[in-house]
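Take a look at the structure set out below.
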């Protein structure tokens, strides 16, 4: 079960998890630390800092999850850990 | 066997079935719209919406009845990820999200966006840390995982306690919301509406368990999203000619900003009380803003009624894509809520900026004033005379509506938008039906989570492990019935406190469940004792902070005054009130205590963290306790380690297999 490929599978899975977690921290918190500065940029009437909290981060979360589902499935298949179709 | 064939047919025809359903729903709205034009009274249109939609949900529930354990608990693990995403959306979005969120954004501006962020971003944690692994595990309930991973029924019991404490108040609030929506906006009697909602919920969930709840939630999602988006799409088209409100409200934001300036210049708004809509941190300080986001997100990833939805997908792969679809469907509503807020604010600010005479206020103010949701000059806006009388009591009032005179309940924003924009009543009825769908679907999911924990975890796993399938299902249904009736009864007493306690559910779930759940998958070394101590301490600290700062604020402050962020002035006031209370006697003592307690609630805190974000303390305590205690106790057995390994890999059979379900397939 935990042979060579098994370990590599979990390493790759963990690496993907940490990447996603990093992006999550960025879009949940870090980008909003700069709301004051971002608000001076206005696009289509939206101050950017406000826009990031109202829409930007949300769009990022949705896209991240579809990308994650796809990437993890690729890892599953490449490492021979995927379920049968 | 014949049942299996017909079920296969149902799953492969889902697209067609729900397309017909959606078309039928639109036709139904159009028919009601025509009836309205023909002069059918509004009240009948309203009843039509409530009873027909509830009847449809009930029919779906009855058609999905089942006598199989696997169908009852996890819908046979056959729900495609797209539909499971819709069902999760309905499960997730509560009556309060639907009705109250836009109003919160209206009142708080940027700071209210912490709810928008907090109630969406948590799904990232669900997908990357939890859901696929729980699906592979093959549990029926979240406590199942705790029992297998952490050596038995003690961990199971802890998980059940946390589950019930975060779910019960939540379900009461949903049933309460049902009554509120129906009574306020359709003029029904509150108690009648509560019990009508109860019947709807029971018919949806009792006969078919998870299977029935899943297919009704999909139907409810369709109703709620149509209801939410229709009014603002019309509004956006009317105002800006583009039917994409999420794009056009940028212009509304600009207009709001210039109105804010203009109102202050004209003396129609006090600069001190005006919170510029897009300016951050006018209500919350940054610490509380980010703490709230964190607690809501981690809470999302720990709420059992959400996690159990991912037990129903056909595969681990589907569980992952299902989380993505869930967030997509939730996103559709949450990224539209700020548009509602902006359009309403523009409307209200324009009204004030015109220096409207009190005698010329628009009709909607009185419509909602009569049911206590709009106050002008501190009194319910019943009619022109009452408004003029109330404002007459204020010194130097010029008889013109000012911003500080107006106070609007958060529920009004969504429900009044159709009327403010001059849309026909049928749209208002549609919005009410959407609010009901949101409240009912969340109540279904929560009730099922509670009843399953009682019947599967307590009765079957702990009391009577040899119970035959039939008995288990009978017990499940009886428990579901009693939990639902109890929740409806509590809701019918209109408990004010329960409603404010709903927001606590997120912190309780986060602190009690999240650390042990995540470490259970991601850290093999986490031991049974570590889990038990971590759950107890995380949950304990969180509940201590919640209850202490709310109900025992005076003694909490006395114990922890050195950690309080209260200003010297607030502290001095506390001391002064305490002396007054100690000096008082007789009936005055009670009033003095009340004043003291109210003041204490504003100063009782650790570093100024509001109690809604109690998990900010519970979470690190939980993680640390599991880590430290695990390192000091023996590592889990080889069996458990192997089981964790298997949980991490999608390939292969699920780890838990129900013996009855296995026989039946």
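Just so it is clear, none of the values below were taken in a lab; they were calculated from the coordinates. Quantities reported herein were computed from a predicted structural model and do not represent experimental measurements. Methodologically, a virtual Cβ is constructed for each residue, glycine included, from the backbone with ideal geometry; neighbour enumeration extends over all protein chains shown.
Things worth noting here:
- Extending 7 Å from the Cα toward the beta-carbon at both residue B:264 and residue B:40 defines two label points whose distance is 5.1 nm.
- Estimated FRET transfer efficiency when R0 is 41 angstrom, pair residue B:638-residue B:9 (beta carbons, to 0.05): 0.35
- Residue exposure sequence - B:411, B:405, B:91 - by fewest surrounding Cβ within 10 Å: B:405, B:411, B:91
- Percent of Cα pairs in region A:4-78 per distance bin of 5 Å, from zero to the largest separation: 3, 15, 20, 17, 13, 11, 9, 6, 4, 2, 1.
- Over chain B, DSSP H runs of length four or greater, each weighted -39,500 (n - 2.57), average out per residue to a 222 nm ellipticity of -23500 deg cm²/dmol.
- The alpha carbon convex hull volume per residue for region B:79-130 rounds to 83 Å³.
- Relative to the longest principal axis of the Cα atoms of chain B, the long axis of helix B:587-603 lies at roughly 70 degrees.
- R0 of 60 Å, Cβ-Cβ distance residue B:481-residue B:396: FRET efficiency to nearest 0.05: 0.50
- The alpha carbons of region B:446-570 give a radius of gyration and a Dmax of 19.6, 66 Å, in that order.
- Seen against the Cα atoms of chain A and their longest principal axis, helix A:57-78 is set at about 10 degrees.
- Full extension of the chain segment joining residue B:238 with residue B:62 gains 59.2 nm, where the gain is 0.36 nm per residue of separation less the Cα-Cα distance.
- Inter-part distance where region A:1-76 and region B:548-563 are each reduced to a Cα centre, Å: 39 Å
- Cα gyration tensor shape for region B:157-219, rounded if a/c is under 1.5, else prolate or oblate: oblate
- Sorted ascending by nearby beta carbons within 10 Å, beginning with the fewest, B:425, B:460 become B:425, B:460.
- Relative to the dominant Cα principal axis of chain B, helix B:504-522 is inclined by about 30°.
- When only alpha carbons are used to place a centre, region B:605-630 and region B:254-328 end up 22 Å from one another.
- Cα→Cβ-extended label distance, 7 Å offset, between residue A:74 and residue B:474, nm: 5.5 nm
- Shape call, chain B: gyration tensor on alpha carbons, a/c limit 1.5: oblate
- Compactness ratio for the protein assembly as shown: Cα radius of gyration over 2.2 N^0.38 Å (N = residue count) comes to 0.97.
- Tensor-based shape of region B:212-343 (alpha-carbon gyration tensor, a/c under 1.5 rounded, otherwise prolate or oblate): oblate
- Cα centroid separation, region B:153-222 to region B:71-94 (Å): 15 Å
- Cα pair distances exceeding 23 angstrom across region B:337-469, given as percent: 50 percent
- Ordered by the number of other Cβ atoms lying within 10 Å of each residue's own Cβ, fewest first, A:73, B:144 fall into the sequence A:73, B:144.
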